[in-house]
1. Report yes if some residue within segment 324-339 is in contact with a helix residue (DSSP H, G or I) (Cβ under 6 Å, 6 or more places away or on another chain), open to solvent by 60 Å² or more (accessible area, probe 1.4 Å) and part of a helix (DSSP H, G or I); otherwise report no.
2. Take segment 137-169 and flag every residue that is within 11 Å of P116 (Cβ to Cβ) and β-branched (V, I, T).
3. Can you tell me which residue in segment 69-90 is modelled with the lowest pLDDT, limited to those that are part of a loop (DSSP other than H, G, I, E, B) and among the β-branched types (V, I, T)?
4. Identify, please: which residue in segment 299-308 is of a type outside the set (A, V, I, L, M), out of contact with any Ser or Thr (no Cβ under 9 Å at 6 or more places or on another chain) and assigned to a helix (DSSP H, G or I) and is, among those, modelled with the lowest pLDDT?
5. Filtering segment 194-210 down to residues that are at pLDDT below 90 and among the hydrophobic types (A, V, I, L, M, F, W, C), which residue is nearest to H123 (Cα to Cα)?
6. Any residue that is at pLDDT below 85, surrounded by fewer than 18 Cβ atoms within 10 Å (Cβ to Cβ) and of a type outside the set (G, A, S) - is there at least one of those in segment 32-41?
7. For R268, indicate whether it is among the basic types (K, R) and either modelled with pLDDT of 95 or more or within 22 Å of the chain's Cα centre (by Cα) (or both).
8. Criterion first (within 17 Å of the chain's Cα centre (by Cα) and crowded, with 23+ Cβ neighbours inside 10 Å) does L169 satisfy it?
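The values are calculated or read from the model by the stated rules, or taken from the named source; none is laboratory data. The structure displayed is predicted, hence computed values, not measured ones. A quick note on method: Cβ atoms are made from the backbone with ideal geometry, for glycine too, and the neighbour counts reach across all protein chains shown. Side chains are part of the model used for accessible areas, which takes the heavy atoms of the whole protein and leaves out ligands, DNA and RNA. Shrake-Rupley method; radii C 1.70, N 1.55, O 1.52, S 1.80 Å.
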Amino acid sequence: MAHEMSGEELRRYREQRGMNQQALVGWLNERLNRRYDRAKISRWETGAERIPQNVAGALKTATEPVGIPAAAVRAAPVVFCAANQKGGVAKTTTCVNVAWLLAQSGRRVLLIDCDPQANATVHLGVDPHERELAKATLTHALKASRPMREFMTPVCDGAFDLLPSSISLAATDRELLRQPNGTLILRAKIAQLAGQYDFVVLDCPPHLGELTVSVLNAADQLLIPTQTEMLSMMGIPQLFETIAGVRELVNPRLQILGVLPTMYSPRRLQDETVMKELRELAAAEQLHLFSPVKRAADYSKSVMAGRPGLAYNPNSAGAESYREIADALLALAGEEMRHGA
């Protein structure tokens with residue numbers, strides 16, 4: 001009897017066994033002596049291509065000790081966000097590149113674009129208007145009773161998933177005010193993703209509205225990117241107040257991962273002055289100050305390519321800073337797994 005498997009079945013099968021697409025590629029190529037790649041897995045899972053019978057048959061008959069783990073209950077993902085009420089501080093660049101690095105480490109990653117400007121969506125080569133017409137954006141995911149999975153789209157050749165945004169999300173910010181517990185909806189939706197992702201990365205709007213509060217209510221770890229100029233620093237004290245309120249009333253697990261200086265030019269006196277103040281702020285608040293990200297043309301060019309800057313050029317200025325952030329998140333995830341065990 002022929003084995004048949006839908007794209008959704010393949011995705012669910014893989015995720016229940018804690019495998020990312022690259023791990024599945026490796027197993028299939030070794031088992032079937034083929035040269036599949038991650039893009040092929042992505043096309044199967046989205047239904048763009050039919051899954052071959054030999055692949056479906058191999059998966060449906062393979063369990064431990066043959067090499068495919070049995071399905072297991074998986075923990076909730078680590079939820080990471082970057083927030084600062086000042087715009088233009090590289091929040092999107094940070095989220096996109098950290099998501100890329102986490103995915104490159106073999107983790108299952110979802111990036112949710114929580115900004116009506118849809119910068120992360122555009123950065124990753126997805127058309128916000130097309131996704132809006134398809135009713136497949138964060139706006140629709142927040143309002144729908146359907147599973148969150150139905151609103152995702154693979155990006156970077158299937159390296160990780162994106163839940164896109166569009167301008168319609170701006171109205172959602174106001175609607176959340178009118179709903180009882182409206183700022184907890186995103187948190188409840190992310191809770192549905194337990195076992196499906198290891199990390200969820202949230203890109204915030206550039207203001208402290210209801211959408212940003214929703215993100216803070218849902219997050220485990222918060223990074224504060226700030227351009228090395230005075231105006232960017234001015235919003236940090238107000239953000240601290242918001243964080244304190246969120247911790248006290250809704251989300252006591254929210255922690256500040258650290259502060260990330262961005263668009264740093266060591267030759268500019270203003271930048272050096274702000275760096276000195278950031279060091280003092282980090283010391284006073286007992287926060288980690290990540291290495292500054294210098295200005296680099298690669299990040300602008302990567303937007304045109306529809307890819308993260310570090311996928312465009314792994315040695316871009318600031319690469320070490322983003323790897324430092326990803327490593328910190330991976331270490332925290334490891335701690336959570338040990339405590340859970």
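1. No; the residues of segment 324-339 include none that is in contact with a helix residue (DSSP H, G or I) (Cβ under 6 Å, 6 or more places away or on another chain), open to solvent by 60 Å² or more (accessible area, probe 1.4 Å) and part of a helix (DSSP H, G or I).
2. T137, T139, I167, listed by residue number.
3. Checking each candidate, the answer is V73.
4. Step by step, filter segment 299-308, then rank; the result is S300.
5. My answer is L208.
6. Looking through segment 32-41, none of the residues is at pLDDT below 85, surrounded by fewer than 18 Cβ atoms within 10 Å (Cβ to Cβ) and of a type outside the set (G, A, S).
7. no
8. no
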